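Written below as structure tokens is the structure these notes are about.
Since every read-out is calculated from the coordinates, none of them should be taken as a lab result. As the structure is a computational prediction, the values presented were derived from the model and not from experiment. Here the Cβ positions follow ideal geometry from the backbone for every residue, glycine too, while neighbour counts run over all protein chains shown.
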Amino acid sequence: MQLPRAAMAKTAPGICKNAEMSSPVRRPSADDLLVLLAVGRTGRYTTAADELGLNHTTISRRIAALERAMGGRVLARVAGGWELTDLGREALAAAEAVETAVRSLATDAAGQRALEGVVRISATDGFSAYIAAPAAAAVQRRHPKVAVEIVATTRRATQQRSGLDIEVVVGEPKVHRAKALRLGDYCLGLYASRDYLAEHGHPTSVADLQRFPLVYFIDAMLQVDDLDLATSFAPAMRESVTSTNVFVHVEATRAAAGIGLLPCFMADRHPDLERVLAAAVSIRLTYWLVTRAETLRRPEVAAVVDAIRDRVREQHDVLLGAG
């Protein structure tokens, strides 16, 4: 028996509604959430793929599946990588809960929660060697499955921290969607080798510095404003050996290339270097640590940050040239 057209019109919507209600709701996959977690933390598909042991195509497919399940974009393309959208940050919270649940099942021999993973740090040369490296070693002794990668570079904090978990920079950074933590101060002072001073004499005042060559950064390549302003006390000093690497500054100064403007915590380690005009020239700068809030919630990253802060506190006097 065929229903009248009017009856069909009344019945059809009810049938469609029931069909929609009976269709299963698509939920995000836990695996896809963990892929988003890796991409959100590193900012790159390729880095996340290496970390998870997958290929780039699989990462892309998993993210696309998650976006279908979530009903919107979870990542947005930015210069140098990918950034989480608002929806992506919501999904990230769920992903972190999944990760925490999985990791809670892993314990070490003593029954304590085992930390594992790779933590990537960018920091200046001197900080990398004398602060970050010992801090990383301390974390690794307590948590052997945590690997720390340190990239030594002197630059401003990047707006897109693709592939990095932690950045340590000189001077207060202007960043968005990131946490900036003040670590502590350090001092720059003027140093020269004892042989150099024996041959050329000691500078008697800041004005007298104009007859001495300066060992410091390459002016045209210096990206950090605070370091760039550090030489304003003696603009008349001519350049001698310059470099983008502070270890070169130290060694050039030790080799009698001139007077070096050096971090005290590096120069004071060498008995053949003597500080000059200490009362007149003491440049105080500040180290800052930058990381994403979601990255800092990773236990292995938090452990490295805590170790760095502990090391800075331990070296307080040394960093200020008073140790």
Mean Cα-pair separation over length for region 186-283, i.e. relative contact order, pairs under 8 Å, 6 or more apart, %: 51
Top positive-direction residue, dipole computed over region 186-283 with Cβ charges, set Ala198, Met266, Leu214: Ala198
Region 171-209 and region 278-305: distance between their alpha carbon centers, rounded to Å: 18
Long-range amide H partners of Phe217 with built H, under 5 Å: Ser243
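Where nothing but the Cβ of Lys and Arg (+1) and of Asp and Glu (-1) is charged, how large is the charge dipole of region 30-103 around its Cα centre, in debye to the nearest 20? All intermediate terms of the calculation are to be shown ahead of the outcome.
On the way: 9 positive and 10 negative charges, 38 e Å.
Here the size comes out at about 180 debye.
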Relative contact order (%) - the chain, alpha-carbon pairs under 8 angstrom, separation at least six: 20
Arg120 long-range amide H proximity, modeled H, under 5 Å: Glu149, Asp165, Ile166
Region 30-103: relative contact order in percent, alpha carbon pairs under 8 Å with at least 6 residues between: 36
Mean ellipticity per residue at 222 nm, deg cm²/dmol - from DSSP H runs of n ≥ 4 across the chain, formula -39500 (n - 2.57): -12000 deg cm²/dmol
Burial ordering of Val78, Val175, fewest other beta-carbon atoms within 10 Å first: Val78, Val175
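At a Förster distance of 45 Å, what's the computed FRET efficiency of Ala97 paired with Ala137, Cβ-Cβ distance as r, to 0.05?
Numbers: r = 31 Å, r/R0 = 0.70.
So the FRET efficiency works out to roughly 0.90.
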Extreme residue, positive dipole direction of the chain, given options Gln223, Ala91, Ala138 (C-beta unit charges): Ala91
Which of Val148, Val250, His176, positive extreme of dipole for the chain (C-beta unit charges): His176
Read-out semi-axes √(5λ) of the Cα gyration tensor in Å, derived from the coordinates shown; its label in (1) 45, 33, 18; (2) 41, 20, 17; (3) 57, 22, 14: (3)
³J(HN,Hα), Karplus 6.51/-1.76/1.60, whole Hz, each residue of region 231-237, x for Gly, Pro: 8, 5, 5, 9, x, 7, 5
